[in-house]
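First up is the structure itself, then whatever we jot down about it.
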Amino acid sequence: MRKAIAAALWLGLSILGAGHAHAGEAGDAVFAERGPWSLDGKELRWTVHVEGPEQPGFLPIDNGSVTLAETIDPSDQQPVLQLTQKTDRRTRQIGPFPISGGDPVLTFFLEQTARDMAGLTGGSPFYIRNRIKDALFRGGQITQQGQQSVASFTPFADDPNGARMGGFQTLTLTFVLGDPKQPIREFRAETQGAEPGYLNRMTLQ
């Protein structure tokens, strides 16, 4: 099951990453090559808060976390990365991921946002992923806040199906970045207005 989840997450990243050669400045900053990862026995932990409408199938998270750690794959005794997700209700491990691959935390965040949106709107997760992909690699803007860069994207702002998205046409994806080789400090997906009131925020501790 864990390998299946990991495979699904990496499939999502490959879908989102298609066409990276044509990425703009904001997309390049978000998808900067941060591997090979070297955690030196330490763990990286992001707090997680997810809120939205009370609806069957949607899981709000008041005080959760995602931890990135290095471990050994028992199948070949090689170092790999492992995610541990904790929510108010459960703990699960996701992985393994390659040391020299992409950013598994970024992949996790994008997949969770796409799944939440699909669940809340009844829309196609494939369509949602493709729109996010287009925004990340063909749009967006980047601004400076002190020593940090902030990349933001509005994947559904001009979507022809916006009227049927229940407020998700206002969704903004925001990434707070430091050194390109360092982990992303904050991930945020947020809609504007009272409906649907969706927020997915992950903050590095």
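The values are calculated or read from the model by the stated rules, or taken from the named source; none is laboratory data. Everything numeric here is computed off the predicted structure, so don't read it as measured data. Note that we place each Cβ from the backbone using ideal geometry, even for glycine, and neighbour counts take in every protein chain shown. Side chains are part of the model used for accessible areas, which takes the heavy atoms of the whole protein and leaves out ligands, DNA and RNA. Shrake-Rupley method; radii C 1.70, N 1.55, O 1.52, S 1.80 Å.
Condition check: without any contact (Cβ under 8 Å) to a residue 40 or more places away in the chain, open to solvent by 60 Å² or more (accessible area, probe 1.4 Å) and at positive phi. Does residue 146 satisfy that? Criteria met by residue 146. Counting the residues of the range 73-90 that are in a strand (DSSP E or B), open to solvent by less than 90 Å² (accessible area, probe 1.4 Å) and modelled with pLDDT of 90 or more gives 7. Anything in the range 149-184 that is without any contact (Cβ under 8 Å) to a residue 12 or more places away in the chain and among the hydrophobic types (A, V, I, L, M, F, W, C)? List them, or say none. Passing the criteria: only 163. What about residue 34, is it open to solvent by less than 50 Å² (accessible area, probe 1.4 Å) and assigned to a loop (DSSP other than H, G, I, E, B)? When the stated conditions are applied, residue 34 passes them.
May I ask you to list the residues in the range 122-143 that are out of contact with any Ser or Thr (no Cβ under 8 Å at 6 or more places or on another chain), open to solvent by 60 Å² or more (accessible area, probe 1.4 Å) and either over 30 Å from residue 56 (Cα atoms) or part of a strand (DSSP E or B) (or both)? Matches in the range 122-143: 138 only. When the strands (runs of 3 or more DSSP E) confined to the range 157-205 are screened for residues that are touching an Asp or Glu at 6+ places or on another chain (Cβ under 7 Å) and open to solvent by 20 Å² or more (accessible area, probe 1.4 Å), those reaching at least 1 such residues are found at 172-177, 199-204.
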